[in-house]
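Only one structure is covered here, and it is reproduced in the block below.
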Amino acid sequence: IVPFTAAEETARDNEEAAYANGAFDRAMADLRQKRESLLKATDYLALSDNTLTTTMSTYRQALRDLTDGLTTVDEVNAVVFPTKP
């Protein structure tokens, strides 16, 4: 094992800080990906030749509103997805 030099240690600390600073963005991206998957699964119900039920419309709106007001990784991790009607 070869120890880091001071410059290598500083560079590594900067890499770790940059990764930690991106935790919220990664969590939001994961949440959005899951949400988009659930929305896509019901897109066919919202086509112009279908009548979207009120419960399905409410469900889809709840999915779209999931990310509103989230500011921390803990809040993102605590999100509970609505139940599909």
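Of all the residues in the stretch 9-29, those that are open to solvent by less than 90 Å² (accessible area, probe 1.4 Å) and either without any contact (Cβ under 8 Å) to a residue 24 or more places away in the chain or over 25 Å from the mean Cα position of the chain (by Cα) (or both) number 9. When restricted to residues that are assigned to a helix (DSSP H, G or I), open to solvent by less than 70 Å² (accessible area, probe 1.4 Å) and of a type outside the set (Val, Ile, Thr), the stretch 31-59 contains 11. Scanning the stretch 25-61 for residues that are polar (S, T, N, Q) and closer than 15 Å to Phe81 by Cβ turns up Gln33, Ser37, Thr42, Thr58, Gln61. For the stretch 62-73, a residue qualifies if it is more than 14 Å from Thr83 (Cα to Cα) and aliphatic (A, V, I, L, M), and the qualifying residues are Leu70, Val73. Look at (1) modelled with pLDDT under 95; (2) part of a helix (DSSP H, G or I); (3) open to solvent by less than 70 Å² (accessible area, probe 1.4 Å) and you find that Thr67 fails only one, number (2).
The values are calculated or read from the model by the stated rules, or taken from the named source; none is laboratory data. Just so it is clear, the model here is predicted, and its values are computed rather than measured. Positions of Cβ are generated from backbone atoms using ideal geometry, with glycine treated the same way; all protein chains shown enter the neighbour counts. Heads up: the accessible areas ignore ligands, DNA and RNA and are worked out on the full protein's heavy atoms, side chains in. Shrake-Rupley method; radii C 1.70, N 1.55, O 1.52, S 1.80 Å.
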